[in-house]
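Q: This is the structure I have questions about; it appears just below.
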Amino acid sequence: MSFEKELEESHGDLLQQLQSKREAVLPYSRVHFKRGETILSEGENHSFFYIILDGAVSMNKETYKEDTILAFFGKGDHLGFYHLDEQAVSPVSYEAVSEVSAYCFKRSYVRAELEQQNNLLYRLAKETLTPALEREAVVHLPSNEKILAGLLTIGTKFGRLETDGSCLIPYYFTQKILGNYLNLARAYVATNLRKLEEDGILMLSPKPWRIKQFHKHCERLKQDYLLHR
């Protein structure tokens, strides 16, 4: 399968909109990032816009201690909406949580293609903002529910459902990442993970972490706290 054909079939209308069969030179390239590598830095003016092909990315905001994770993005999601304007600087940074493959477009090309696409621009804004708003609902849960809710959020987007109804959390989501997402100290995360294991909800070993009865817990938190999943 050619690179252009793979691009067309991998994702939806955004990629199809950004493709150009009129150009002699394709307006995008395939790029790779190592785990922990910064893709876009907060406070800088960036010339590129990305669509993730594979992997997990965190959207971070710098704080006085260390970066807070505002949202996670994965396959088919885009990075760079906040600085589409030529003079704009990014209010957030993006970091590769795992190995990441993405399609890289020039910002000027994306902006030109979307100028007349108000509905698509609205969708991009919503897709960028919604995960951060959902995270706000999670971090304000009672402390005994917060860790589980964070794991369910990650599992819904990146986990692997097993035939027994459990969900495996990818190994690259660590206690530190979970703590940065939930505004919790790592020691507190570790304590509550063990409690979830004692309660029969989670298996910590052997890795990867396994959430038992995944859909049951998603539905319970959704009903109890009106979370959207």
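Q: How many residues are touching a residue at least 12 places away in the same chain (Cβ under 8 Å), assigned to a helix (DSSP H, G or I) and open to solvent by less than 90 Å² (accessible area, probe 1.4 Å) if we restrict to the range 192-223?
A: Counting residues in the range 192-223 that are touching a residue at least 12 places away in the same chain (Cβ under 8 Å), assigned to a helix (DSSP H, G or I) and open to solvent by less than 90 Å² (accessible area, probe 1.4 Å) gives 7.
Q: Restricting to the range 58-91, count the residues that are part of a loop (DSSP other than H, G, I, E, B) and surrounded by fewer than 22 Cβ atoms within 10 Å (Cβ to Cβ).
A: Step one: filter the range 58-91 for residues part of a loop (DSSP other than H, G, I, E, B), giving 62-67, 74-77, 80, 84-91.
Right, trim to surrounded by fewer than 22 Cβ atoms within 10 Å (Cβ to Cβ) and you get 62-67, 74-77, 84-91.
Summing the residues that are part of a loop (DSSP other than H, G, I, E, B) and surrounded by fewer than 22 Cβ atoms within 10 Å (Cβ to Cβ) in the range 58-91 gives 18.
Q: Can you tell me how many residues in the range 91-122 are in contact with a helix residue (DSSP H, G or I) (Cβ under 8 Å, 6 or more places away or on another chain) and either free of Cβ contacts under 8 Å to residues at least 24 places away in the same chain or over 28 Å from Leu221 (Cβ atoms) (or both)?
A: First pass over the range 91-122, keeping only residues in contact with a helix residue (DSSP H, G or I) (Cβ under 8 Å, 6 or more places away or on another chain): 91-92, 97, 103, 105, 107, 109-110, 113-114, 117, 120-121.
Narrowing further to those that are either free of Cβ contacts under 8 Å to residues at least 24 places away in the same chain or over 28 Å from Leu221 (Cβ atoms) (or both): 91, 103, 105, 107, 109-110, 113-114, 117, 120-121.
Final tally of qualifying residues: 11.
Q: Report, ordered by the first and then the second residue, all pairs with beta carbons closer than 7 Å, sequence separation of six or more or different chains, a first member in the range 131-147 that is without any contact (Cβ under 8 Å) to a residue 12 or more places away in the chain, and a second member that is surrounded by 14 or more Cβ atoms within 10 Å (Cβ to Cβ) and charged (D, E, K, R).
A: none
Q: Something else: From the residues in the range 9-39 that are at pLDDT 95 or above and not charged (D, E, K, R), which one is farthest from Leu124 (Cα to Cα)? Let's see the steps before the verdict.
A: So in the range 9-39, the residues at pLDDT 95 or above come out as 31-39.
Subset that is not charged (D, E, K, R): 31-33, 36, 38-39.
Details: Val31: 21, His32: 23, Phe33: 23, Gly36: 25, Thr38: 22, Ile39: 19 Å.
Among them, the one singled out is Gly36.
Q: Let me ask you something else. Do the conditions hold for Gly55, that is, is it open to solvent by 40 Å² or more (accessible area, probe 1.4 Å), at positive phi and modelled with pLDDT of 90 or more?
A: On the way: open to solvent by 40 Å² or more (accessible area, probe 1.4 Å): no; at positive phi: yes; modelled with pLDDT of 90 or more: yes.
So Gly55 fails the test.
The values are calculated or read from the model by the stated rules, or taken from the named source; none is laboratory data. Worth saying up front: this structure is predicted, and the values here are computed from it rather than measured. No Cβ is skipped: glycine too gets one built from the backbone with ideal geometry, and neighbour counts run over all protein chains shown. We work out accessible area using only protein heavy atoms, side chains counted, and drop any ligands, DNA or RNA first. Shrake-Rupley method; radii C 1.70, N 1.55, O 1.52, S 1.80 Å.
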